[in-house]
Amino acid sequence: MKIIAFGASPSRNSINKKLATYAAGLFENGEVEVLDLNAYQMPIFTVDIEEYIGEHPLAQKFLDKIGTADVLVVSMAENNGNYSAAFKNIFDWCSRISGKVFQEKPMLLMSTSDGKKGAANVLGIAKNAFPYYGGNIKAAFSLPSFYSNFDVENGMITNPELDNQLKAIVNSFQF
């Protein structure tokens with residue numbers, strides 16, 4: 001089973017990428033590939049740029065990666081209550097090639113932040129919007145207070161209740 005995971009943040013030390021990587025590793029017999037949004041840097045999408053250059057090849061490359069997945073594990077970063085600009089730009093370019101960006105792949109949608117709400121705002125936005133773009137969201141999970149509940153060095157959730165909650169989600173994941 002091929003799992004494509006990514007944190008929707010360009011940060012080199014993205015806490016969402018760390019959470020997505022951990023969660024992807026919980027799937028039994030999964031071959032995990034973790035994407036780095038920095039590999040898909042494109043000019044800020046505008047119809048003028050699109051008219052000039054056409055479909056951006058990195059957007060197609062991102063869509064191709066999504067196409068190889070049996071399962072998507074995506075953890076949304078929250079910037080001012082919404083998607084990170086880097087993710088939104090990739091999403092905008094990709095949606096011009098295919099309205100079904102997520103290609104109906106079964107998805108574990110997550111979020112985390114260093115705050116107590118665990119990026120719940122952006123998680124809610126994504127839960128509502130992604131189905132219109134081929135997001136087949138099977139489960140969602142938010143990890144609050146990342147630095148209090150996650151061991152960065154060992155790459156794992158340290159809060160037993162939250163860890164068990166995520167493990168139960170993964171164990172019951174239907175695809």
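What follows is calculated from the coordinates using simple rules that are stated; it is not laboratory data. Since we're looking at a predicted model, the values are computed, not measured. Glycine also receives a Cβ, built like all others from the backbone with ideal geometry; neighbour counts cover every protein chain displayed.
From the phi angles alone, apply the Karplus equation (6.51, -1.76, 1.60; θ = phi - 60°) to region 44-54 and give each ³J(HN,Hα) in whole Hz, x where the residue is Gly or Pro.
4, 5, 9, 5, 5, 5, 4, 5, 6, 9, x
Starting from the Cα of LYS65, draw a straight line to each of the lysines and keep only those under 20 Å, dropping any in the same chain fewer than 8 residues away.
LYS2, LYS17, LYS18, LYS88, LYS100, LYS105, LYS138
For the chain, what relative contact order do you get, as a whole percent, if you take Cα pairs closer than 8 Å and at least 6 residues apart?
Numbers: 338 pairs, mean separation 39.9, N = 175.
It comes to 23 percent, rounded to a whole number.
If you put +1 on each Lys and Arg Cβ and -1 on each Asp and Glu Cβ, how big is the dipole of region 30-112 around its Cα centre, in Debye rounded to 20?
Working: 6 positive and 12 negative charges, 23 e Å.
That gives a dipole near 120 debye.
Can you find, among THR112, PHE150, ALA140, the residue farthest towards the positive end of the dipole of region 37-175? Put +1 on the C-beta of Lys and Arg, -1 on that of Asp and Glu.
The Cα lying farthest towards the positive end belongs to ALA140.
About its Cα centre, how strong a charge dipole does the chain have in debye, to the nearest 20, once Lys and Arg get +1 and Asp and Glu get -1 at the Cβ?
Values: 15 positive and 18 negative charges, 58 e Å.
The dipole of the chain has a size of about 280 debye.
Would you please classify the overall shape of region 38-98 from the alpha carbon gyration tensor, given that a ≥ b ≥ c denote the square roots of the eigenvalues, rounded means a/c under 1.5, and beyond that prolate means a/b larger than b/c while oblate covers the rest?
Values: a/c = 2.34, a/b = 1.17, b/c = 2.00.
Since a/c reaches 1.5 but b/c is at least a/b, the shape of region 38-98 is classed as oblate.
Just to be sure I follow: if Rg is taken over the C-alpha atoms of region 2-171 and Rh is the Kirkwood radius over the same atoms, what is Rg/Rh?
Numbers: Rg = 15.4 Å, Rh = 16.0 Å.
Value, to two decimals: 0.96.
Please say if region 3-69 is rounded, prolate or oblate, where rounded means a/c under 1.5 for a ≥ b ≥ c the square roots of the C-alpha gyration tensor eigenvalues, and otherwise the choice is prolate for a/b larger than b/c and oblate otherwise? Could you put the intermediate results ahead of the total?
Values: a/c = 4.21, a/b = 1.90, b/c = 2.21.
Judged from the Cα gyration tensor, region 3-69 comes out oblate (a/c at least 1.5, b/c at or above a/b).
Can you list the residues, at least 5 places off or on another chain, whose amide H is less than 5 Å from the amide H of GLY135, using H built in the peptide plane?
PHE102, GLU104
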